[in-house]
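A short worksheet on the structure shown next.
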Amino acid sequence: MERAGTTPCLLKSKQIEEDFPYLSFPVDSSAILDNMGGHISPRKLVSAHQMAASLAGCQIIHDVVSKVVSFDGYITIETEQKRSISAKKVLIATGGFTPFRHLLPYGFKLDLKMKTSTILKFELNDKEVERLSSMPVVIPYVFSASHQTAKHRSYILPPIKYPNGKWYLKLGLGNGPVQEFTLDNEDDITRWYQGTGSAFIAHQLYDAMLNIMPGLKYENLESDSCMTTHTKSGKCCIDMVTRNLGIAVGGNGHAAKMSDELGHIAARMILKGTWDYDVQGQQFQAAYKIQAKM
C-alpha cells in the first residue's frame, strides 16, 4: 500500500510510534491509516442539512410533532405548539423517539431498541491542543484470542473546539462486553439525556484512555450521555409503512457518517412511494413487534 496520498496504508507498531508518539499500543499492533478520514460535527451537519433543504425550497418548522394521523388519502401532522399540517406524503425520521409518539398508524410498532451511551470529554489547554494537532480519529479494536472477531471497539476524536470556546478530546465506546442498558419510554430517555451518563462506563473509558494515551494532560474531565437506536437487522429501516407514509429509522450507532446517502435513499423512496435505489430494498425493510394488516 502507498504511504502517502489518498490510499489507505498499513502501519506496524514501530511506524505508529514514530508518526503518532502520543499513542500507545501493544508491540504486535497494526493500524490502517486513512488520509481521507475525519470526523463529523453533529451541529454543523444538522445546520448544513437544513440550509440545503431551505435552498431547495423547503420550509423548516421548529416544533415537536406529537401525532401523525392518516385519513382519506392525506396525512395530518399535529405538533406540541398546536399546529396542524396536512401533507400528501410523510417521511418519519425521528430516531429513538419514534416508538413513544403517535407517529405510525394504529397497530404498527417497530422492533427497535434504544441503548444508552456514555462518553468522556477531556478538556485541553492550548499547549496540549498544539501537541496533538496531527492526531487523526482513532478507532481501536480489541480482538479475541483467535483474532477472528473484534471483542469491542472505541473511538477517540482529535481535539475539537466546542461552542463554549473550550477544546475537548472525546472518547466513546462502540460495542463490546461492557454493555449499557436500554431505554423503554420517553421519560427514561429525557432523564438519561439530562444526566451525565453511567459512572461505571465512564470509569472503563477513563482506564482505556490512560492505556492508549498515557501522556495526556487535561484540565478537566466531563462525562456525558447519548443514545443509539438499534434495529433487529442491524441496518437502518428505510421502508414504506403505507402507500404515503415512510420511515427512515435506526442508525445502530454508526449512521452519522453516511447520513447524507441514507437521506438520499429515503427521499427517493418517499417521492416514488416505493423502493427506488440500486441495492436490494429487502435488507432495509422494517421489522415490527406489531404489524396491522392494511
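So which strands (runs of 3 or more DSSP E) stay within the range 177-294 end to end and still have 2 or more residues that are among the acidic types (Asp, Glu)?
The strands (runs of 3 or more DSSP E) meeting that bar are 220-231.
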>> So Leu45 passes all but one of these: (1) free of Cβ contacts under 8 Å to residues at least 60 places away in the same chain; (2) closer than 26 Å to Arg268 by Cβ; (3) open to solvent by 40 Å² or more (accessible area, probe 1.4 Å). Which condition number does it fail?
In response: (1)
> When you go through Ile265, Ile270, Ile247, Ile290 one by one, which is the residue that is open to solvent by 40 Å² or more (accessible area, probe 1.4 Å) and in contact (Cβ under 8 Å) with a residue 12 or more places away in the chain?
Replying inline: Ile290
>> Suppose we filter Asn211, Asn252, Asn185, Asn220 for residues that are more than 22 Å from the chain's Cα centre (by Cα), open to solvent by less than 70 Å² (accessible area, probe 1.4 Å) and either closer than 30 Å to Phe20 by Cα or not basic (Lys, Arg) (or both); which single one remains?
In response: Asn220
> Is it the case that some residue within the range 155-174 is surrounded by fewer than 16 Cβ atoms within 10 Å (Cβ to Cβ) and under 30 Å from Ser13 (Cβ atoms)?
Replying inline: yes
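Quick grid of which residues meet (1) of a type outside the set (Ser, Thr, Tyr); (2) under 20 Å from Val279 (Cβ atoms):
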| residue | (1), (2) |
| --- | --- |
| Leu205 | yes, no |
| Ile212 | yes, no |
| Ser225 | no, no |
| Lys232 | yes, yes |
| Ile238 | yes, yes |
| His254 | yes, yes |
> Can we say Phe97 is of a type outside the set (Val, Ile, Thr), open to solvent by less than 40 Å² (accessible area, probe 1.4 Å) and modelled with pLDDT of 90 or more?
Replying inline: no
>> Being aliphatic (A, V, I, L, M), closer than 29 Å to Thr231 by Cβ and in a loop (DSSP other than H, G, I, E, B) narrows it down to one residue among Ile85, Ile75, Ile40, Ile32; which is it?
In response: Ile40
> Out of the range 61-85, which residues are open to solvent by less than 60 Å² (accessible area, probe 1.4 Å) and free of Cβ contacts under 8 Å to residues at least 60 places away in the same chain?
Replying inline: Asp63, Val65, Ser66, Val69, Thr76, Ile77, Thr79, Ile85
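The values are calculated or read from the model by the stated rules, or taken from the named source; none is laboratory data. Values in this document were obtained by computation on a predicted structure and should not be read as measured data. A quick note on method: Cβ atoms are made from the backbone with ideal geometry, for glycine too, and the neighbour counts reach across all protein chains shown. Protein only, heavy atoms only, side chains kept; ligands, DNA and RNA dropped before computing areas. Shrake-Rupley method; radii C 1.70, N 1.55, O 1.52, S 1.80 Å.
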